[in-house]
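Working notes, beginning with the structure itself.
The values are calculated or read from the model by the stated rules, or taken from the named source; none is laboratory data. Keep in mind that what you see is a predicted model, and the values were worked out from it rather than measured. Heads up, the Cβs are rebuilt from the backbone with ideal geometry, glycines too, and the neighbour counts pull from every protein chain shown.
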Amino acid sequence: MDHLQASPSVQTMSTAFCFFFFSFTAVFSVFSFLIYVLRMKPCCNCNTCRSYLTLSWTRNFANLGDWYTHLLRNSPTGTIHVHVLQNTITSNPDNVQHILKTRFDNYPKGKPFSTLLGDLLGRGIFNVDGDSWKFQRKMARLEISSVTNRSYALDIVTQEIRTRLIPLLASAASGERGGLLLDLQDIFRRFSFDNICKFSFGFDPGCLLSSLPSSSFADAFDLASKLSAERAIMASPVIWKIKRFFNVGSEKKLKEAIHVVNDLAEGMIKQSREMGFSARKDLLARFMGSVNDDKYLRDIVVSFLLAGRDTVAAALTGFFILLSSHPRVESLILEELDRVMDPDQEVASYEQMRHMHYLNAAVYESMRLYPPIQFDSKFAVEDDVLPDGTFVSKGTRVTYHPYAMGRMERIWGSDCLEFKPERWLQDGLFVQVCPFKYPIFQAGVRVCLGKELAIVEMKSVVVALIRRFNIQSFVADQEPRFAPGLTATVRGGLPVQVQERRRR
Ligand code: HEM
């Protein structure tokens with residue numbers, strides 16, 4: 001084996017190379033970190049930055065969003081700047097319109113965001129700007145808004161409700177599940193994951209089967225989204241980039257989780273090609289008609305999973321938290337359902353849902369107080385001035401904050417903290433408000449493509465559950481505490497007790 005051993009001079013050279021390589025990486029990392037720290041203005045001693053850095057805000061507020069709400073309420077313009085984060089945060093609808101519509105070109109998602117989610121989402125619609133975004137948006141809009149696709153989506157949701165959601169709650173109500181409390185947040189996450197996988201891939205992960213099985217795909221997807229989001233809260237991007245380079249710690253786990261997601265997505269694409277995608281109705285099959293690049297197809301579909309899964313689950317969780325402490329609203333919804341539906345009907349039709357104005361109002365109102373995406377950021381390409389006079393320098397992160405906006409007296413009046421579906425009704429009919437006042441689904445040029453689908457999904461669930469069950473939440477009296485992440489997740493879940501409702 002001697003001939004395979006390197007000569008001493010080659011060994012010395014390779015040791016020297018390693019030494020220089022690692023020294024260079026270390027010096028470069030420290031240098032980048034210093035630049036990053038200096039740009040963050042860690043020395044800023046204003047009250048807001050001090051509170052942020054010392055976490056002293058946690059003494060008075062349950063969630064970061066509540067503290068920002070307090071600061072934004074006290075700001076005469078409804079806008080604040082957190083210097084240490086280089087982040088301008090606004091709750092001003094005129095500013096929101098400026099960012100999302102008037103000067104849309106100046107406020108893309110930007111590189112910092114796309115780098116964080118790049119490994120998971122690749123070039124999917126959620127993670128790109130420019131031509132690639134335009135192409136995907138045009139195609140996705142055509143697909144999602146087609147009548148065939150809408151009824152396909154409603155069929156999937158209805159079937160999941162009938163065959164899984166209702167039987168599961170019925171077994172909890174009958175005591176078959178040992179009288180244990182159900183975590184409704186977990187149930188909704190399983191429910192929406194099954195739906196969005198069927199809609200996007202034509203694949204059923206079966207997360208809501210009665211045994212509540214663990215799904216390696218759902219687990220990997222959860223872990224990958226969580227670890228990607230956690231990159232954003234690290235002191236410096238240099239840290240996760242080094243961990244990724246050396247494939248250690250959380251970055252190693254992220255890579256493994258993405259591997260599982262990729263394996264499944266690639267398997268689905270292959271299977272779809274073999275079976276002949278033209279006969280299938282799922283989104284993947286529809287995109288396959290115009291995209292040949294399998295990696296790009298994978299990216300497109302994974303973005304849809306992220307867009308449609310946790311958002312719907314978070315919206316339903318917020319709705320049931322509020323409903324539990326507002327029996328009057330529940331009674332009014334039930335009265336409306338009795339007027340529109342047959343006595344023994346389990347699930348409402350699309351046409352019937354169009355006549356449920358009070359339910360629609362309650363769904364919109366719940367997301368005003370508990371938006372599934374609590375804030376959203378863009379990055380300014382050039383210097384700009386917002387309509388309220390705030391100067392934004394090039395490269396600044398600009399965040400609009402739906403959670404805070406739903407709690408602003410100057411937008412919603414003095415009863416802004418009350419859950420009052422009536423504020424959405426005029427003569428009993430539901431009336432939309434200006435989308436820049438209520439940017440729950442974003443607004444303007446890049447407004448959510450799944451909005452109608454999400455609302456129909458939510459209403460279908462609410463109708464089916466509250467007609468048959470009495471659901472009592474155990475966190476109704478406390479303000480929920482949210483875990484950090486891309487979508488609102490209540491810490492500790494939503495434990496509920498379920499009873500069959502007596503026929504009225
Ligand atoms: C209550 C449920 C939902 C809420 C609150 C919601 C909210 C949002 C928001 C705030 C954005 C903008 C995100 C950003 O650009 O950073 C967005 C984008 C998007 N949403 Fe939704 N969404 C929901 C459900 C859905 C569903 C079910 C689907 C798909 C079937 C979907 C598909 C999309 C897509 C494709 C985009 C990207 C649009 C673009 O970038 O042009 N969403 N959504």
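Which of the helices (runs of 4 or more DSSP H) contained wholly in the range 398-504 include at least 2 residues that are over 30 Å from D383 (Cα atoms) and within 23 Å of the chain's Cα centre (by Cα)?
On the way: elements: 402-405, 409-412, 451-468.
Passing ranges, in order: 451-468.
In the range 333-372, the residue that is farthest from the chain's Cα centre (by Cα) out of those that are among the hydrophobic types (A, V, I, L, M, F, W, C) and within 16 Å of the ligand (Cβ to nearest atom) is M353.
State yes or no: is F419 modelled with pLDDT of 95 or more, closer than 20 Å to H355 by Cβ and more than 16 Å from the ligand (Cβ to nearest atom)? For F419, the condition - modelled with pLDDT of 95 or more, closer than 20 Å to H355 by Cβ and more than 16 Å from the ligand (Cβ to nearest atom) - is not met.
Could you list, in sequence order, the residues of the range 473-504 that are at pLDDT 80 or above and acidic (D, E)?
Step one: of the range 473-504, the residues at pLDDT 80 or above are 473, 479-483, 486-501.
Correct list: E479, E500.
Among the conditions (1) part of a helix (DSSP H, G or I); (2) touching a residue at least 24 places away in the same chain (Cβ under 8 Å), the only one that S132 does not satisfy is (2).
Out of curiosity, is E274 of a type outside the set (G, A, S) and modelled with pLDDT of 95 or more? Steps first, please.
Numbers: of a type outside the set (G, A, S): yes; modelled with pLDDT of 95 or more: no.
For E274, the condition - of a type outside the set (G, A, S) and modelled with pLDDT of 95 or more - is not met.
Take the residues in the range 77-100 that are of a type in the set (S, T, N, Q) and in a helix (DSSP H, G or I); name whichever of them is surrounded by the most Cβ atoms within 10 Å (Cβ to Cβ). Spell out the reasoning first.
The first filter runs over the range 77-100 and keeps only residues of a type in the set (S, T, N, Q), leaving 77, 79, 86-88, 90-92, 95, 97.
Now drop any that are not in a helix (DSSP H, G or I), which leaves 95, 97.
On the way: N95: 23, Q97: 20.
Once the filter is applied, the top-ranked residue is N95.
If you go through the range 196-211 one residue at a time, how many are away from the ligand (no atom under 16 Å from the Cβ) and either in contact (Cβ under 8 Å) with a residue 24 or more places away in the chain or not in a loop (DSSP other than H, G, I, E, B) (or both)? The number of residues fulfilling the criteria is 3. Of all residues in the range 433-447, those that are closer than 17 Å to A404 by Cβ and assigned by TED's automatic domain parsing to the domain that holds E422 have Cβ atoms under 7 Å from Cβ atoms of residues that are within 9 Å of the ligand (Cβ to nearest atom) and assigned to a strand (DSSP E or B), 6 or more apart or on another chain, in Q442/D376. Whether any residue in the range 107-128 is within 14 Å of the ligand (Cβ to nearest atom), outside any loop (DSSP other than H, G, I, E, B) and closer than 30 Å to Y350 by Cα is what I want to check. Within the range 107-128, one or more residues are within 14 Å of the ligand (Cβ to nearest atom), outside any loop (DSSP other than H, G, I, E, B) and closer than 30 Å to Y350 by Cα. Could you figure out which of (1) away from the ligand (no atom under 16 Å from the Cβ); (2) modelled with pLDDT of 95 or more; (3) surrounded by 19 or more Cβ atoms within 10 Å (Cβ to Cβ) isn't true of L429? So L429 meets the others, but not (3). For residues in the range 338-352 being at pLDDT 95 or above and assigned to a helix (DSSP H, G or I), which is surrounded by the fewest Cβ atoms within 10 Å (Cβ to Cβ)? By that ranking, first place goes to R339.
Reported count of residues in the range 232-249, each being at pLDDT 85 or above and either closer than 30 Å to Y152 by Cα or within 16 Å of the ligand (Cβ to nearest atom) (or both), is 0. Is it true that S214 is more than 25 Å from D344 (Cα to Cα) and more than 16 Å from the ligand (Cβ to nearest atom)? Yes. No other residue among F375, F391, F469, F379 is away from the ligand (no atom under 16 Å from the Cβ), at negative phi and either buried (at least 20 other Cβ atoms within 10 Å of the Cβ) or in contact (Cβ under 8 Å) with a residue 24 or more places away in the chain (or both) apart from F469. Regarding V291, is this residue part of a loop (DSSP other than H, G, I, E, B) and in contact with a Leu (Cβ under 6 Å, 6 or more places away or on another chain)? Spelling it out, V291 is indeed part of a loop (DSSP other than H, G, I, E, B) and in contact with a Leu (Cβ under 6 Å, 6 or more places away or on another chain).
Among all positions in the range 279-294, there is at least one residue which is away from the ligand (no atom under 16 Å from the Cβ) and more than 23 Å from V128 (Cβ to Cβ). Can you pull out the residues in the range 263-278 that are within 21 Å of G122 (Cα to Cα) and assigned to a loop (DSSP other than H, G, I, E, B)? Correct list: empty.
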